[in-house]
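Reading through the structure tokens given below for one structure.
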Amino acid sequence: MKLCFVVPVYNHGSTLEDVVKSLLVFNCPVIVVDDGNGEPDKTLIKKCAELHKEVILVSYEKNKGKGSAVFAAVRRAHKEGFTHIFQVDSDGQHDIAKCREFIELSEKNPDAIICGYPEYDESVPAARKNGREFSNGWARVVSWRPDIKDVLCGFRLYPVKPFIRVLNFTPYINHRMGFDAEILVRMLWINTGLVNAGVHVTYPKDGVSNFKMVRDNVAISCTFARLCAGMIIRSPLLLVRLFIRKLFLTGKRNH
Ligand SMILES: Nc1nc2c(ncn2[C@@H]2O[C@H](COP(=O)(O)OP(=O)(O)OP(=O)(O)O)[C@@H](O)[C@H]2O)c(=O)[nH]1
Ligand SMILES: [Mg+2]
């Protein structure tokens, strides 16, 4: 397993340095994507990259969205021979110490996505917590995977090969906030494994969010409408897989 971290940054220059520093404990390179940030974030990101030789900086002039940033980083990771990428948000909301458990899970399940689900404290805004259940429900429907726990959490360890396969064979993938849900569903469609793992998430009082309630929820709804069409085409295959998985689980329980 050859692992690197991927950290997309937009408007989170001030929290990046702490996130990167805590990731360096794991002795892996960190691909940071500056996605068309303005000042002062741009300077803070540059400083962080200059300070830590483990940081590989990818920079864009114009903002293209979180999905675009992660896609660029995955292609770069693939080119450099990494087999796995660990995508961590740059806003410092996630408990980085959990990376160790995720990496161990990935070593045991190298072909699976280790998919973070949030364990909130009382700082979470109710709208953010309840809003994501809509996406989670739809993702379970379109992927025929009732075991999905969360599709929006920015803390996930992916195997690179199936990720690249999806990128190469999919004409369009949502490249903004719908990306987290769409890439997960599409990777499950090509039979990538799934392991859920919890991560503590906190919302600091002065935290910056790029999530726009109306704009992003409309975009996510459109993404699921497209995925619904894809699900209908694949439904015979998904039905067979669901059946096999159920048989396998029943067999396991009887032993
Ligand atoms: N590269 C890039 N990164 C982005 C963009 N928008 C958000 N991000 C990054 O994606 C991660 C998640 O963005 P957030 O603004 O925290 O969105 P969120 O976590 O869905 O929303 P909250 O639950 O409110 O925190 C952070 O690391 C951001 O810096 C973007 O347009 N481009
Ligand atoms: Mg966030």
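The values are calculated or read from the model by the stated rules, or taken from the named source; none is laboratory data. Values in this document were obtained by computation on a predicted structure and should not be read as measured data. Positions of Cβ are generated from backbone atoms using ideal geometry, with glycine treated the same way; all protein chains shown enter the neighbour counts. We work out accessible area using only protein heavy atoms, side chains counted, and drop any ligands, DNA or RNA first. Shrake-Rupley method; radii C 1.70, N 1.55, O 1.52, S 1.80 Å.
Points to keep in mind about this one:
- Breaking point among (1) within 24 Å of Leu3 (Cα to Cα); (2) open to solvent by less than 50 Å² (accessible area, probe 1.4 Å); (3) not hydroxyl-bearing (Ser, Thr, Tyr), for Phe211: (1)
- Any chance Val199 is open to solvent by less than 10 Å² (accessible area, probe 1.4 Å) and either under 23 Å from Gly230 (Cβ atoms) or among the aromatic types (Phe, Trp, Tyr) (or both): no
- Scanning region 1-38 for residues that are at pLDDT 95 or above and acidic (Asp, Glu) gives Glu17, Asp18, Asp34.
- Taking first residues from region 225-252 that are farther than 21 Å from Phe134 by Cβ and open to solvent by 60 Å² or more (accessible area, probe 1.4 Å) and partners that are modelled with pLDDT of 90 or more and part of a helix (DSSP H, G or I), the Cβ contacts under 9 Å between residues at least 6 apart in sequence or on separate chains come to Arg234/Trp189; Leu237/Trp189.
- Any chance Phe163 is out of contact with any Lys or Arg (no Cβ under 8 Å at 6 or more places or on another chain), closer than 18 Å to Phe86 by Cα and surrounded by 22 or more Cβ atoms within 10 Å (Cβ to Cβ): yes
Condition check ((1) surrounded by fewer than 16 Cβ atoms within 10 Å (Cβ to Cβ); (2) free of Cβ contacts under 8 Å to residues at least 24 places away in the same chain; (3) near ligand 1 (Cβ under 9 Å from one of its atoms)) across all residues:
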| residue | (1), (2), (3) |
| --- | --- |
| Ile31 | no, no, no |
| Lys42 | yes, no, no |
| Glu61 | yes, no, no |
| Arg76 | no, no, no |
| Ser90 | no, no, yes |
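- Evaluation of Asn11 against (1) open to solvent by 50 Å² or more (accessible area, probe 1.4 Å); (2) part of a helix (DSSP H, G or I) (one fails), failing number: (2)
- Yes/no for Glu80 being away from ligand 1 (no atom under 15 Å from the Cβ), free of Cβ contacts under 8 Å to residues at least 12 places away in the same chain and open to solvent by 50 Å² or more (accessible area, probe 1.4 Å): no
- Checked across region 65-80, the condition of being under 18 Å from Ser209 (Cβ atoms), within 16 Å of ligand 2 (Cβ to nearest atom) and either of a type in the set (Phe, Trp, Tyr) or assigned to a loop (DSSP other than H, G, I, E, B) (or both) holds for at least one residue.
- Region 92-137 - residue that is small (Gly, Ala, Ser) and open to solvent by 20 Å² or more (accessible area, probe 1.4 Å) and, of those, nearest to the chain's Cα centre (by Cα): Gly92
- One residue alone among Ile148, Ile103, Ile114, Ile164 is in a strand (DSSP E or B) and in contact (Cβ under 8 Å) with a residue 12 or more places away in the chain, and that residue is Ile114.
- Check on Ala181, free of Cβ contacts under 8 Å to residues at least 60 places away in the same chain, touching a helix residue (DSSP H, G or I) at 6+ places or on another chain (Cβ under 8 Å) and either in a helix (DSSP H, G or I) or within 11 Å of ligand 1 (Cβ to nearest atom) (or both): yes
- Pairs linking a residue in region 200-218 that is within 14 Å of Ser123 (Cβ to Cβ) to a residue that is within 12 Å of ligand 1 (Cβ to nearest atom) and part of a strand (DSSP E or B), with Cβ atoms under 7 Å and 6 or more positions apart or on different chains, are Val201/His94; Val201/Pro118; Val201/Tyr120.
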